[in-house]
Amino acid sequence: MAELTKLESKLGEVTGLAMAAQAATKKVIGLAKEEHPDLISRLEQMHEEAAETERRCTELAEGLDGKKTAILEEARSTKAKGADMMSTYLGQDADALDGFEFLTMAEAGEVGHWSVLGKLCEKAGSSDLRELVEWALPIQERHFQGVTQTSLQLASEENPNEPA
């Protein structure tokens, strides 16, 4: 398998995070659907945007001669790590607040990874990848802000003195 540059490896990571985000939003939809059905459309939009991000990342990887397989292997590895984190964090007794807290951590990670990829693009001069970052980073920032606000909204509805 081809050896990846730091830039290509980071592309694999953000691709994997987009894959993991699709699974995470699906999980949180399941946690929120009964008590907070008003949140479902926002989660569905995030799921669709994650799928589009994965598609765009994969398309860009296809254009990198001999690197697509290695980039997608990096993506699958990152996705698996995200799945492990999600299964650890969102156990049997998880609720919508737990789900949104997990999404807050996940989206913060995505913002960080896309920001690092953007910085690497500056030095590498990759215009295609820079355009992808310019498209994806504002979406990730919006997702992070939205899930943080929703976490705080759900937390404000909780009784802080109730047993956990």
Unique match (being surrounded by 15 or more Cβ atoms within 10 Å (Cβ to Cβ), closer than 17 Å to Gln22 by Cβ, touching a Gly at 6+ places or on another chain (Cβ under 6 Å) and among the hydrophobic types (A, V, I, L, M, F, W, C)) among Ala136, Ala75, Ala106, Ala83 = Ala75
inquiry  = Looking at the structure I just gave you, is Ala80 assigned to a helix (DSSP H, G or I), of a type outside the set (D, E, K, R) and in contact with a helix residue (DSSP H, G or I) (Cβ under 7 Å, 6 or more places away or on another chain)?
reply    = no
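Which one is surrounded by the fewest Cβ atoms within 10 Å (Cβ to Cβ), of the residues in the range 9-37 that are of a type in the set (Asp, Glu) and either in contact with a helix residue (DSSP H, G or I) (Cβ under 7 Å, 6 or more places away or on another chain) or at pLDDT 95 or above (or both)?
Glu35
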message = Restricting to the range 23-56, give me the number of residues that are hydroxyl-bearing (Ser, Thr, Tyr) and more than 14 Å from the chain's Cα centre (by Cα).
response = 1
ask   = Are there any pairs with C-beta distances below 7 angstrom linking a residue in the range 117-137 that is in a helix (DSSP H, G or I) to a residue that is at pLDDT 95 or above and among the aromatic types (Phe, Trp, Tyr), with the two at least 6 apart or on different chains, and if so which?
value = Val133/Trp114; Ala136/Trp114; Leu137/Trp114
task = Would you point out the residue of the range 54-72, among those that are closer than 21 Å to Gln140 by Cα and in contact with a Lys or Arg (Cβ under 9 Å, 6 or more places away or on another chain), that is surrounded by the fewest Cβ atoms within 10 Å (Cβ to Cβ)?
result = Thr58
inquiry  = Within the range 61-98, take every residue that is out of contact with any Ser or Thr (no Cβ under 7 Å at 6 or more places or on another chain), over 24 Å from Gly146 (Cα atoms) and among the acidic types (Asp, Glu) and give me the one that is modelled with the lowest pLDDT.
reply    = Asp65
note = Just one listed residue, out of Ala124, Ala136, Ala155, is among the aliphatic types (A, V, I, L, M) and modelled with pLDDT under 95, and it is Ala124
message = Being surrounded by 16 or more Cβ atoms within 10 Å (Cβ to Cβ) and basic (Lys, Arg) is the filter here; which residues of the range 109-133 pass it?
response = Arg130
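The rows are residues; the columns are (1) touching an Asp or Glu at 6+ places or on another chain (Cβ under 7 Å); (2) closer than 28 Å to Asp38 by Cβ; (3) of a type in the set (Asp, Glu); (4) touching a residue at least 24 places away in the same chain (Cβ under 8 Å).
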| residue | (1), (2), (3), (4) |
| --- | --- |
| Glu52 | no, yes, yes, no |
| Arg56 | no, no, no, yes |
| Glu59 | no, no, yes, no |
| Lys67 | yes, no, no, yes |
| Ile71 | yes, no, no, yes |
| Asp84 | no, no, yes, no |
| Gly91 | no, yes, no, no |
| Ala96 | yes, yes, no, yes |
| Glu101 | no, yes, yes, yes |
note = If we keep only residues of the range 1-45 that are of a type outside the set (S, T, N, Q) and outside any helix (DSSP H, G or I), then the residue nearest to Val133 (Cα to Cα) is Leu4
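The values are calculated or read from the model by the stated rules, or taken from the named source; none is laboratory data. Here the structure is a predicted model, which is why all the values come from computation and not from measurement. Note: ideal-geometry Cβ built from the backbone for every residue, glycine included; neighbour counts use all protein chains shown.
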